[in-house]
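Computed from the coordinates by the stated procedures, all read-outs in this text should not be read as laboratory data. It should be emphasised that the depicted structure is a prediction, and the values quoted were computed from it without experimental measurement. Glycine also receives a Cβ, built like all others from the backbone with ideal geometry; neighbour counts cover every protein chain displayed.
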Amino acid sequence: MESGHGTTASPGVRRSGPGRFLHVFVRRRFRCGKATGSLTVVSRQTSTSRKHGRARPSGSAAARPRGVRWWHALSGLIYPPACCWCGEPLERPDRRFCLSCQGAFVAEDRPDVCPRCGAALKSGLLLPGGCPRCKDRDLHFDFVFSLGVYEGELRRAVLRTKRPVGEMLLIGLTRLLMDVHESRLSAYRADVVVPMAMHWSRRMMRGVNGPEVSAEIVARELGVPMARRLLVRRRKTRRQFNLSPPQRFKNVRQAFRVPAGYHLDAARVVLVDDILTTGATCSEAARTLRAAGAAGVGAVVLARAEGDDLP
């Protein structure tokens, strides 16, 4: 298949469908911090491609335009940067958290985790095909990256991000997540980032879709597109927190769909959510994306809950 540049297109997202007025070629550039990338959206006969091996300018002040550097300096004098969690002044304006809060969210002695489900492991518990929490489960994602265990300060912070007042905290936690896992996510060479779909009624009540905010940051840091409408929740499901593991998998079965006209041509997808416990929701979403043509799906979440999620 030929791309808009006349060369063989890399795996990606293709949207096609009826209608005489579909764009044949749309090019969009985006930039944020360290990441710069380009997305070519091609309708009908061609597919989405992105540039691998792109230049990644540093996020240092020297890389910013002079006017932007002056504005940051002035705003820093008027509104001194403060920790997104405790409010203490920050010595470095490029940080989101003080060292104390950052240490509470990301432990220096991070435990070994299961590469399949992201659960913290005790020594010797990793088995062929997973760990005791996931080895007997049919999970459709390839890996899980998280900041840490859903407990303590991280749990309280993630709960706050579920409200509109916690959006700046959510941005800070997502950037911290990328600081921890960016090298491994870059090695995955994702083609697209997809936020976990939220039912419209729940989004209206909550006022914010946290995974969508996080997905935009992850996409910009990786320099790949974020497909907001690629995954749709087809029905409202029961809340998962009071269900047993088998009930959770049954509750989300057939809960998602990929809209007609989208084709994941062997794309590698990064699926973004806030919390993962049994993995039921992420697994069902990943199954839907694979059915639409995705070659692989990896999950990125703020926290990995490890409560009563054993079979």
#### Entry: Coarse-grained scattering of segment 160-226 at q = 0.12 Å⁻¹, given as base-10 log I(q)/I(0) from a Debye sum over alpha-carbon atoms
-0.33
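Treat the count of other C-beta atoms within 10 Å as a stand-in for reagent exposure and order Phe241, Phe145 from fewest to most.
Numbers: Phe241 10, Phe145 22.
In increasing order of surrounding Cβ atoms, one gets Phe241, Phe145.
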### Task
Take Trp200, Trp85 and order them by how many other Cβ atoms sit within 10 Å, fewest up front.
Trp200, Trp85
### Query
Given the convex hull of the Cα atoms of segment 110-251, what is a quarter of its surface area in nm²?
9.7 nm²
### Message
Starting from 0.36 nm per residue, how many nanometres of slack lie between Leu99 and Arg229 once their C-alpha separation is accounted for?
### Response
43.1 nm
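Taking a ≥ b ≥ c as the square roots of the eigenvalues of the Cα gyration tensor of segment 177-289, is the shape rounded (a/c under 1.5), prolate (a/b larger than b/c) or oblate?
Values: a/c = 1.59, a/b = 1.46, b/c = 1.09.
Verdict is prolate for segment 177-289.
Which of Val165, Val180 has the fewest other C-beta atoms within 10 Å, and how do the rest follow up to the most? Mind dumping the intermediate values first?
Numbers: Val165 10, Val180 16.
Exposure proxy ranking, most exposed first: Val165, Val180.
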### Query
Once amide H atoms are placed 1.01 Å from N in the peptide plane, what residues at a sequence separation of 5 or more from Val297, or on another chain, have their amide H within under 5 Å of its amide H?
Asp142, Val269
### Query
Between Arg184 and Arg257, 0.36 nm times their residue separation minus their Cα-Cα distance comes to what?
23.5 nm
### Query
Stretch Glu91-Asp142 to full length: gain in nm at 0.36 nm per residue minus the Cα-Cα span?
14.5 nm
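Could you work out the relative contact order of segment 110-304, using alpha carbon pairs under 8 angstrom and six or more residues apart, expressed as a whole percent? Spell out each step's value before the answer.
Numbers: 345 pairs, mean separation 52.6, N = 195.
It comes to 27 percent, rounded to a whole number.
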